[in-house]
Amino acid sequence: MSERDDDWFPAKRFGYGWGLPRRWQGWVVLLVYVGTLIGCAARFPPSDAPLAFGICVAVATALLITVCALKGEAPSWRGKR
């Protein structure tokens, strides 16, 4: 895969998906995601509101995947050779 300098998230070296961010913007996105998960757990405790918690986590994860797809390298399966 071609590596661009403006990619926030590089493709993983092994497997499918993205690795840790390579630019500061990616780190901000990742920290916002973690903060959102903490906020979801505080607002909708999983033991009290499991459905609301699950929906909150699913929406946050879908947004993270969207940002990774838009601002990261194209993911493809990479295995050991």
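Laboratory data are not the source of any read-out in this text; all were calculated from the coordinates shown. It should be emphasised that the depicted structure is a prediction, and the values quoted were computed from it without experimental measurement.
General remarks:
- Contour minus Cα-Cα distance for L70 and I38 (0.36 nm per residue): 9.1 nm
- Shape class for the stretch 36-81, computed from the alpha carbon gyration tensor (a ≥ b ≥ c): prolate, with a/c not under 1.5 and a/b above b/c.
- Shape call, the chain: gyration tensor on alpha carbons, a/c limit 1.5: prolate
- Estimated 222 nm signal from helices in the chain, with DSSP H stretches of n ≥ 4 weighted -39500 (n - 2.57), rounded to 500: -18000 deg cm²/dmol
- Rounded tilt (10° steps) of 50-71 against the dominant C-alpha axis of the chain: 20
- Each residue of the stretch 32-42 was assigned a 3J(HN,Hα) from its phi angle through the Karplus curve 6.51 cos²θ - 1.76 cosθ + 1.60 (θ = phi - 60°); the sequence is 5, 4, 4, x, 5, 5, 5, x, 4, 5, 6 Hz, with glycine and proline shown as x.
- Taking amide H positions as modeled 1.01 Å from N, with prolines and chain starts lacking one, the residues under 5 Å from F9 and 5 or more places away or on another chain are R22, G72, E73.
- In percent, rounded to a whole number, the relative contact order of the chain is 46, using alpha-carbon pairs under 8 Å and six or more apart.
- Here's how it looks for W18: its modeled amide H is under 5 Å from those of K12, which are all 5 or more places away or on a different chain.
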